[in-house]
1. Can LEU225 be described as in the same structural domain as ARG253 (by TED's automatic domain parsing), under 19 Å from GLN259 (Cβ atoms) and either free of Cβ contacts under 8 Å to residues at least 40 places away in the same chain or not in a loop (DSSP other than H, G, I, E, B) (or both)?
2. Only one residue in LYS243, LYS285 is in the same structural domain as THR135 (by TED's automatic domain parsing) and basic (Lys, Arg), so which one is that?
3. For residues that are part of a helix (DSSP H, G or I) and of a type in the set (Ser, Thr, Tyr), scanning just the stretch 1-35, find the one that is surrounded by the fewest Cβ atoms within 10 Å (Cβ to Cβ).
4. Kindly indicate which of PRO176, PRO154 is surrounded by fewer than 18 Cβ atoms within 10 Å (Cβ to Cβ), at pLDDT 90 or above and of a type outside the set (A, V, I, L, M, F, W, C).
5. Looking at LEU194, LEU146, which is the one that is at pLDDT 90 or above, assigned by TED's automatic domain parsing to the domain that holds GLN287, buried (at least 19 other Cβ atoms within 10 Å of the Cβ) and assigned to a strand (DSSP E or B)?
6. Could you pull out the residue among PRO154, PRO221, PRO176 that is touching a Gly at 6+ places or on another chain (Cβ under 6 Å) and of a type outside the set (Ser, Thr, Tyr)?
7. From the list GLU61, GLU78, exactly one residue is under 30 Å from LEU40 (Cα atoms), in a helix (DSSP H, G or I) and either at pLDDT below 85 or touching a Phe, Trp or Tyr at 6+ places or on another chain (Cβ under 8 Å) (or both). Which is it?
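The values are calculated or read from the model by the stated rules, or taken from the named source; none is laboratory data. As the structure is a prediction and not an experimental result, all values here were calculated from the model. Using ideal geometry, Cβ is built from the backbone for each residue, glycine included, and neighbour counts are taken over all protein chains shown.
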Amino acid sequence: MPSPDSLRAFVLAAELGSFSAAARQMKKAQSAVSTAISNLEIDTGLMLFDRSSRSPTLTPEGRSLLPYANGILLGQQEFSAKASSMSEGVEDRLCIAVEQGIDLTPALNILTEFADHFPHVTLEVLSTGPNDTATLLKEGRAVLGLMTEQESYPTGFQFRGVGHWTLVPVCSAAHPLAGFDRVSHTQLRQHRQLVLKSRSTDELGIVGEIKSAATWYAQSPNMILDLVLRGLGWAELPLSVVKDQLKSANLVRMNYRFQQSDVLEGLDLVWTEQHGLGQAGQWIKSQLLNVPQEAWRA
C-alpha cells in the first residue's frame, strides 16, 4: 500500500511541475521527495514521470493514476477530520423527526449554519405523522422532534413549547359546503371529514377535532389535500399545506358558525433523557429554542 507521503509527493510534483517545488511545499529535502516518488513507481511497477527533460512531466500512466491519488489523500483527510470531531464529543449522526404539515422555513437558516458548524455530521430529517414523532424519540430512532403539543408525554420526555401552527378548515371549490358563508355543525356532519391521524390507534394521534359522523383518515396532510381537491370530503389542514391552493381558488376556506374557524395548534420541541445529545444535537436544540415563536406561524 503506497504511503501517504509518497502519494502527496506525487500529487504535489504533478500539480507544481517540479520535485523541488513539491519538496518546499512538504518542507522536505528534494532528495526525499525524489525517493518517495521512486518508491511509489516501484510499488506500482509504473513510470509516473518522464524525467528526460529539465522539468519532470507526467507519463500517460501518471496522468491516469493522479485522480486516484487525490481521492486517497482526500479520504485520509476526511477520516482524520471525522475522527477528530468524534473524539471531541460530536456525534457521528443526528436524526430529527418533524411532523408533516409543520412549516420548516424558520429552521432552514439554522440548518445552513449547522452544515457549516458540523460538516462531518450526517443529518437526517424524518417526516412523521401525527404523534409518530414521540414514538421515534422513544425508540431512539430520532433524538429531537418537532410535533403538535400533547397534554402529556411518556416518562423521560423533555419538551419546550416553541410556537404555534395554524389549522384551516377547507373544502374544494365544487364541494356543497363551499356555497355557505358560515357553516354550522349540522352541515359539517352531513359531509365526510378527512382527518389527520398517526399510525397508532391511540386517540392522541388525531390532529384537530372530529366534527362529522363520517370520517376517513390519512397520515399525510398532502394525501388529505389530494382527497379534498377530489371532492371526497372536507378537512382541517395546516395552512402551510393549503395556502397555495387557497390562492389559486381550488380550495375554499370555510368559516364556522359555532367557533373560531382557524385553530392554533401548539408546537413543541421534544427530546428524551434516555438518549443524550452530543455537541451537534445540543447546538441545534439551542438554536431551535431561540427561534421567535411567531416565526413558526405559516
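1. On the way: in the same structural domain as ARG253 (by TED's automatic domain parsing): yes; under 19 Å from GLN259 (Cβ atoms): no; either free of Cβ contacts under 8 Å to residues at least 40 places away in the same chain or not in a loop (DSSP other than H, G, I, E, B) (or both): yes.
Spelling it out, it is not the case that LEU225 is in the same structural domain as ARG253 (by TED's automatic domain parsing), under 19 Å from GLN259 (Cβ atoms) and either free of Cβ contacts under 8 Å to residues at least 40 places away in the same chain or not in a loop (DSSP other than H, G, I, E, B) (or both).
2. On the way: LYS243 fails: in the same structural domain as THR135 (by TED's automatic domain parsing).
Just a single option satisfies the conditions, and that option is LYS285.
3. Looking only at the stretch 1-35, we keep the residues that are part of a helix (DSSP H, G or I), and these are 4-16, 19-26, 30-35.
Right, trim to of a type in the set (Ser, Thr, Tyr) and you get 6, 20, 31, 34-35.
Details: SER6: 21, SER20: 15, SER31: 10, SER34: 19, THR35: 15.
The residue in question is SER31.
4. None of the others qualify; the one that does is PRO176.
5. LEU146
6. Answer to the selection: PRO221.
7. Going through GLU61, GLU78 in turn, just one is under 30 Å from LEU40 (Cα atoms), in a helix (DSSP H, G or I) and either at pLDDT below 85 or touching a Phe, Trp or Tyr at 6+ places or on another chain (Cβ under 8 Å) (or both): GLU78.
Residue-by-condition table, conditions (1) in contact (Cβ under 8 Å) with a residue 24 or more places away in the chain; (2) not acidic (Asp, Glu):
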position: HIS117; (1), (2): yes, yes
position: LEU126; (1), (2): yes, yes
position: ALA134; (1), (2): yes, yes
position: LEU146; (1), (2): yes, yes
position: GLU149; (1), (2): yes, no
position: SER152; (1), (2): no, yes
position: PHE159; (1), (2): yes, yes
position: PRO169; (1), (2): yes, yes
position: SER172; (1), (2): yes, yes
